[in-house]
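Colleague: Structure provided below as structure tokens; questions to follow.
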Amino acid sequence: MKKALLPPRAASSSHKQMFKKEELEKLLEQHFGHSGFRGKQLEAIQAVLSGRDCFCLMPTGGGKSMCYQIPALAKSGIVLVISPLIALMENQVAVLKKKGIPADFISSTQDACTREKIHEDLDSGKPSVKLLYVTPELVATVRFMTKLKKLYDRGLLSLIAIDEAHCISTWGHDFRPSYRKLSSLRSQLQNVPILALTATAVPKVEKDVIQSLSLQQPTILRASFNRANIFYEVRYKDLLDSVYNDIANLLKSSGNVCSIIYCLERSTCNDLSDHLSNNGISSAAYHAGLKNKMRSSVLDDWLSSKIQVVVATVAFGMGIDRQDVRIVCHYNIPKSMEAFYQESGRAGRDQLPSRSVLYYGLDDRSKMEFILRNADVKKSQSSSFSDSTSKKALADFSQMVEYSEGSGCRRKKFFKLLENRCLHQFVKSHVMHANIQI
Ligand SMILES: Nc1ncnc2c1ncn2[C@@H]1O[C@H](COP(=O)(O)OP(=O)(O)OP(=O)(O)O)[C@@H](O)[C@H]1O
């Protein structure tokens, strides 16, 4: 079947456009081979296609990218995708190009000639690119903003999608100062719908994202963040003879499955990876202490299944798109429920049964409490870091401890803690006059 875009409709008349579910499903089927939309995808797509701003909370692996990829195919004009990681952009663009969808990215890693070609296309009468991926840093430059304004004035900008939108919020677990600069988008490009996407379910973050981006009466969509295909388990380090052996046995007994093991310290990544390799498990360490070349070769080997297990610090994660991660282990307790949700959520993005195994020990608990307190002391010396921020970090961590030390069904406990946290914060801090769908 020949793949086609929908008949062109002028970007300028976009606000009145209505797209039927069947039309959009056809695009999904033709271009991506999926038989139907998942979770809140359809609502998000219809919201932005009708010209509305939208805040969309979907779980890790929930299919957030479809929420801007389908609009790019449905509408004339360009969808600008703002993404925090160059590796993630490269990956998505390569996948889209393979499918024959005109996508590109602009980044410092490209040679000048490639960048120039993209700019020439953007300046041409009829740009061919449908999805343009850029970093928040680029958007903050005067040169690129001027280019965006020109596209906007010519009616060629159909949507701005902001991936990992929680990075804009200091309340999020991944705050990035460059995201703050995106707050000027709304005033500069007034009528282009903005779609903010995240898997971070904290109301304070949601409120912050919506306010910082000045979203106008946004459609707010929240899919359930329960990851039904992940089995959650906690193992007590103090009851095990050797945690390293336990992990090796877990991996061996599961077959040679794709796995990530998160450790707090680089030295543990190296040690544990050596131990696993000596036990016949194909593994490598990944952390910020390795040279760039080494890091990308480990990533490539893991993405192409040359190695199955990566033993990593949390430097390995955001935007890593391998669908069939079957096990995510935490060798040390994470610092918060949100961090745990994101990290464990890298398992089972293909929706097949997967496992999260957390190794918990009292020493680790004390170590993390020490780190969180110490971070407070360090920051308060150099800036106006507030006491409440440190209290928050320790309170967040205490929930992680509650999860680890409690008994009964981990899934229930995990999602109850996350939900309570959200409801509690919702009541305290969230007054929203918008179209909210849960
Ligand atoms: N409607 C659908 N039907 C089947 N598979 C889908 C559908 N939508 C997306 N997918 C697949 O789900 C996987 C995850 O999608 P995507 O990378 O967009 O997730 P994400 O929400 O961005 O996750 P993360 O927050 O972890 O980055 C991809 O392999 C994608 O092809």
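Colleague: In 20 Å bins starting at zero, report the fraction of Cα pairs in the chain per bin as a rounded %.
Modeller: 24, 56, 19, 0
Colleague: Any idea what the dipole of the range 253-331 comes to, in debye rounded to 20, about its Cα centre with Lys/Arg Cβ at +1 and Asp/Glu Cβ at -1? Show your work: numbers first, answer last.
Modeller: Working: 7 positive and 7 negative charges, 31 e Å.
Charge dipole of the range 253-331: 160 debye, to the nearest 20.
Colleague: Taking amide H positions as placed 1.01 Å from N in the peptide plane, with prolines and chain starts having none, which residues 5 or more places from TYR133, or on another chain, fall under 5 Å of its amide H?
Modeller: VAL81, ASP104, PHE105, ILE106
Colleague: Also, quick follow-up: Report the accessible area of MET18, computed with a 1.4 Å probe over the heavy atoms of all protein chains in place, in Å² rounded to the nearest 10.
Modeller: 140 Å²
Colleague: A further question on this structure: Once a ≥ b ≥ c are taken as the square roots of the eigenvalues of the Cα gyration tensor of the range 199-300, is the result rounded (a/c under 1.5), prolate (a/b larger than b/c) or oblate (a/b not larger than b/c)?
Modeller: Note, shape of the range 199-300 comes out prolate.
Colleague: Next question, about the same structure. Between LEU85 and GLN188, what is the spin-label point distance in nm, taking each point 7 Å from the Cα along the Cα→C-beta axis?
Modeller: 2.5 nm
Colleague: Can you send over the solvent-accessible area of ASP300, 1.4 Å probe, protein chains only, in Å² to the nearest 10?
Modeller: About 90 Å², rounded to the nearest 10.
Colleague: Count charges around ALA140 for me, please; just the other residues with Cβ under 12 Å from its Cβ, Lys/Arg as +1, Asp/Glu as -1. Each step should come with its number before you reach the end.
Modeller: Working: positive: ARG143, ARG176, ARG180, LYS181; negative: GLU137.
Here the charged neighbours net out to +3.
Colleague: Please work out how much length the chain gains when fully extended from ASP111 to GLU233, using 0.36 nm per residue of separation minus the C-alpha to C-alpha distance, in nm with one decimal.
Modeller: Working: separation 122, 0.36 × 122 = 43.92 nm, distance 4.63 nm.
Extra length from ASP111 to GLU233 when fully extended: 39.3 nm.
Colleague: I would also like to ask the following. Just report the Cα centroid separation between the range 27-46 and the range 93-167, whole Å.
Modeller: Going from one Cα centre to the other spans 23 Å.
Colleague: Between VAL234 and residues 5 or more places away or on another chain, which pairs have amide H atoms under 5 Å apart, with H built 1.01 Å from N, and which residues are they?
Modeller: LEU358
Colleague: Compute the Rg/Rh shape ratio of the range 103-195: radius of gyration over Kirkwood radius, all on alpha-carbon atoms.
Modeller: Working: Rg = 13.7 Å, Rh = 14.2 Å.
Rg divided by Rh gives 0.96.
Colleague: Within the set LYS237/LYS412; LYS75/LYS147; LYS335/LYS391; LYS75/LYS126; LYS126/LYS149, which residue pairs have Cα atoms separated by over 18 Å? Show your work: numbers first, answer last.
Modeller: Numbers: LYS237/LYS412 22 Å; LYS75/LYS147 20 Å; LYS335/LYS391 13 Å; LYS75/LYS126 14 Å; LYS126/LYS149 16 Å.
Listed pairs above 18 Å: LYS237/LYS412; LYS75/LYS147.
Colleague: Nearest 20 debye, what's the magnitude of the dipole of the chain about its Cα centre given +1 on Lys and Arg Cβ and -1 on Asp and Glu Cβ? If you can, show how the numbers build up before the last one.
Modeller: Values: 60 positive and 43 negative charges, 236 e Å.
Here the chain has a charge dipole of around 1140 debye.
Colleague: Per residue, how much accessible surface does the range 303-348 expose to a 1.4 Å probe? Answer in Å², no decimals.
Modeller: Details: 1200 Å² over 46 residues.
Heavy-atom accessible area per residue stands at 26 Å².
Colleague: May I pose another question? Evaluate 2.2 N^0.38 Å with N set to the residue count of the range 53-143, then give the Cα radius of gyration divided by it.
Modeller: Values: Rg = 13.4 Å, N = 91, 2.2 N^0.38 = 12.2 Å.
So the Cα radius of gyration is 1.09 times the expected 2.2 N^0.38 Å.
Colleague: What size of dipole, in debye to the nearest 20, comes out for the range 51-161 about its Cα centre when the only charges are +1 on Lys and Arg C-beta atoms and -1 on Asp and Glu C-beta atoms?
Modeller: 340 debye
Colleague: What aspartates and glutamates could a cross-link reach from LYS117, if we take a straight Cα to Cα line under 19 Å and drop same-chain neighbours fewer than 8 places away?
Modeller: GLU90, ASP104
Colleague: Leaving ligands, DNA and RNA out of it, rank ARG266, ARG346, ARG115 by accessible area with a 1.4 Å probe, largest first.
Modeller: Details: ARG266 125, ARG346 35, ARG115 75 Å².
Order by accessible area, largest first: ARG266, ARG115, ARG346.
Colleague: Using a 1.4 Å probe and counting only protein heavy atoms, arrange MET66, MET337 so the residue with the most accessible area comes first.
Modeller: Values: MET66 20, MET337 0 Å².
My answer, sorted largest first, is MET66, MET337.
Colleague: Could you calculate the FRET efficiency of GLU369 with LYS181 from 1/(1 + (r/R0)^6), where r is the beta carbon distance between them and R0 is 45 Å, rounded to 0.05?
Modeller: Working: r = 34 Å, r/R0 = 0.76.
So, using R0 = 45 Å, E works out to roughly 0.85.
Colleague: How do LYS40, LYS413, LYS21, LYS126 stack up against each other in accessible area, from largest to smallest, with a 1.4 angstrom probe?
Modeller: Values: LYS40 30, LYS413 50, LYS21 100, LYS126 175 Å².
Accessible-area ranking of LYS40, LYS413, LYS21, LYS126, largest first: LYS126, LYS21, LYS413, LYS40.
Colleague: What full-extension length gain, to one decimal in nm, is calculated for ALA140 and LYS412 as 0.36 nm per residue of separation minus the Cα-Cα distance?
Modeller: Here the segment from ALA140 to LYS412 would lengthen by 93.7 nm.
Colleague: If you project the alpha carbons of the range 113-259 onto their three principal axes, what span does each projection cover, largest first, in Å?
Modeller: 66, 39, 26
Colleague: For ASP53, list long-range residues whose amide hydrogen, built 1.01 Å from N in the peptide plane, is under 5 Å from its own amide hydrogen.
Modeller: Excluding prolines and chain starts, which carry no amide H, the hits are ILE194, GLN216, THR219.
Colleague: Label points 7 Å out from Cα along the Cβ direction at SER128 and ASN278: separation in nm?
Modeller: Simple spin-label model gives 5.5 nm for this pair.
Colleague: Between the alpha-carbon centers of the range 184-244 and the range 341-372, tell me the distance in whole angstrom.
Modeller: Measuring centre to centre over Cα atoms gives 17 Å.
The values are calculated or read from the model by the stated rules, or taken from the named source; none is laboratory data. No experiment lies behind these values; they were computed from the predicted model shown. A quick note on method: Cβ atoms are made from the backbone with ideal geometry, for glycine too, and the neighbour counts reach across all protein chains shown. Just the protein is used for accessible areas: all its heavy atoms, side chains included, with ligands, DNA and RNA removed. Shrake-Rupley method; radii C 1.70, N 1.55, O 1.52, S 1.80 Å.
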